[in-house]
Structure formats: C-alpha cells, structure tokens
1. Would you check which residues across region 137-154 are in a loop (DSSP other than H, G, I, E, B) and either touching a residue at least 60 places away in the same chain (Cβ under 8 Å) or surrounded by 15 or more Cβ atoms within 10 Å (Cβ to Cβ) (or both) and list them?
2. Evaluate the following for residue 158: is it over 21 Å from residue 63 (Cα atoms) and touching a residue at least 40 places away in the same chain (Cβ under 8 Å)?
3. Checking residue 152 against (1) within 18 Å of the chain's Cα centre (by Cα); (2) within 18 Å of residue 199 (Cβ to Cβ), only one condition comes out false. Which one?
4. Out of the residues in region 116-136 that are in a loop (DSSP other than H, G, I, E, B) and over 12 Å from the mean Cα position of the chain (by Cα), which is nearest to residue 157 (Cα to Cα)?
5. Taking the residues in region 76-97 that are over 22 Å from the mean Cα position of the chain (by Cα) and farther than 16 Å from residue 125 by Cβ as candidates, determine which candidate is surrounded by the most Cβ atoms within 10 Å (Cβ to Cβ).
6. Any chance region 131-148 includes a residue that's in contact with a helix residue (DSSP H, G or I) (Cβ under 7 Å, 6 or more places away or on another chain), more than 26 Å from residue 64 (Cβ to Cβ) and modelled with pLDDT of 95 or more?
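The values are calculated or read from the model by the stated rules, or taken from the named source; none is laboratory data. As the structure is a computational prediction, the values presented were derived from the model and not from experiment. Cβ placement follows ideal geometry from the backbone for every residue including glycine, while neighbour counts extend to all protein chains displayed.
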C-alpha cells in the first residue's frame, strides 16, 4: 500500500467505512430517540424478548403464550416477590419460594435502563440470591413508568423510593442469550433466557 493511501485513505476505503458505520447504526438507537424506543432496540440487541400489553388482561394472555411456547404448563415458577405472587395468584401454574424446586423465575424489576437495554433488580425481587444461583429462564413483569435513561438514574430512583430501607443486592441483567460458550464480553455475567412482560401504565 502506498504512503499516500496510508495517510489519506482511498475513496473506496472511505465509502466502505461509511457503509459499515451506516449498517451498524441500523442496530443502534439515536441519542435523541424516545426512551422507550432506545430501551427496546438495546434490549433486543442483548437477546431479550418482550411482549407489550395495554391492559392486565393482555398481560395474563401474553404470560399464557410464554408458558405455552416453552412447554412450562407443568413447570414450577420461583416467585420471591410477595406483591407479584398476590397479583398473579389466580394464574394456573405452580409456584415456589425454593430455588431447588423451580424451573423458571417469575419476577419484577426496579427499572428498565434505556442506555444499554438492561434490567435493574435488587433484593426486592431476588432476595439475597446471586444471578448464577437462579434458573436460566426468567419472566419479568414491568411497566412503562419504570423506564429510566441510565443505571445511575435507576439507583437514584431506588434511593428515593426506599429512604428508610434501601434494598441490598442491587445488580443489572444485560445478557439474554444463553450460550454454551462464554465470550470475553460477557465474562463474569450470568446470561438468562429472558421474557419481559411490559404493561402500559402512563
């Protein structure tokens, strides 16, 4: 390669680089995108699956679809959150509070982080359990009012809502593709097969 091409590059190199950047932008949200759109794009890129609902009846219907799709009708859900247990107590599946008896986790989350498509959770959802201890399959119930831009905004929200008793074990779930091999980008994280049941409440 000539010295000039190294210094200035060629038109073909430039056009190739521009095409690559344009292709990458197709899968990344613009900085000015609405917060829900930004979360959706990043969440999908992380391998997550979500079902949007406008009513509680739709939430129930979508939960049934998830159960059917995964053949979980005779499986047991781990529910560590008492409020969630009450909300879905009429739903027809077995539940437990013991990890060793569970096939999948059914839980809520603290916040939905738009900037990276992750879910912020705490001891309110998973007690003092580590992500690696929990089942690989997650079903998370959340609402559109739980969108925040960044993790730090989520942490501030947790502190504001729990001034007297800030929950412990605060962490994020970001990798939603359960793979046989772990690459260096997801090293140290715990990948989960995750479905998000999102209810419109704004």
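1. 149 - this is the single residue of region 137-154 that is in a loop (DSSP other than H, G, I, E, B) and either touching a residue at least 60 places away in the same chain (Cβ under 8 Å) or surrounded by 15 or more Cβ atoms within 10 Å (Cβ to Cβ) (or both).
2. Criteria met by residue 158.
3. If we test residue 152 against (1) within 18 Å of the chain's Cα centre (by Cα); (2) within 18 Å of residue 199 (Cβ to Cβ), just (2) comes out false.
4. Applying the filter and picking the extreme gives 122.
5. Out of the qualifying residues, it is 93.
6. Scanning region 131-148, I find at least one residue that is in contact with a helix residue (DSSP H, G or I) (Cβ under 7 Å, 6 or more places away or on another chain), more than 26 Å from residue 64 (Cβ to Cβ) and modelled with pLDDT of 95 or more, so the answer is yes.
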